Amino acid sequence: MQVVLRALADPIRREILNLLKKGRMSAGEIADHFSVTSAAISRHLSVLKEAGLIRDQREGKFIFYEMNASVLEEIMLWITELRGGNDHAQTK
């Protein structure tokens, strides 16, 4: 979980996830949205992949990335449990 939270701490990586929630994209398509080098985007993608937040699939000379929502769901569940469950179960 620490690796996931560290990956989510960076604003560029969070924006990459926002892009990927709309559907899979190639590294080049992702890089087009940022004013950093392709090498920097590649590193961000590696960090997200290591954290299990994205998956990649090679098709010919391109690598396509997509979000792995199951890891995010686990984090959200943990955060919900940490704050004491959902609002419907709490009494006011």
Seminar exercise, completed: Note on region 29-38: residues of a type in the set (Gly, Ala, Ser) and modelled with pLDDT of 95 or more are 31, 35
Seminar exercise, completed: Restricting region 1-34 to residues that are of a type in the set (Lys, Arg) and in a helix (DSSP H, G or I), the one most open to solvent (accessible area, probe 1.4 Å) turns out to be 6
Exercise. Counting only residues that are of a type in the set (S, T, N, Q) and assigned to a helix (DSSP H, G or I), which one in region 35-68 is nearest to the chain's Cα centre (by Cα)?
Worked result: 46
For this session: Go over the candidates 60, 52 one by one and state the one that is open to solvent by less than 80 Å² (accessible area, probe 1.4 Å), modelled with pLDDT under 95 and out of contact with any His (no Cβ under 7 Å at 6 or more places or on another chain).
Result: 60
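The values are calculated or read from the model by the stated rules, or taken from the named source; none is laboratory data. Treat the numbers as computed from the prediction; the structure is a model and nothing was measured. Using ideal geometry, Cβ is built from the backbone for each residue, glycine included, and neighbour counts are taken over all protein chains shown. The area values use the complete protein model at the heavy-atom level, side chains included, leaving out ligands, DNA and RNA. Shrake-Rupley method; radii C 1.70, N 1.55, O 1.52, S 1.80 Å.
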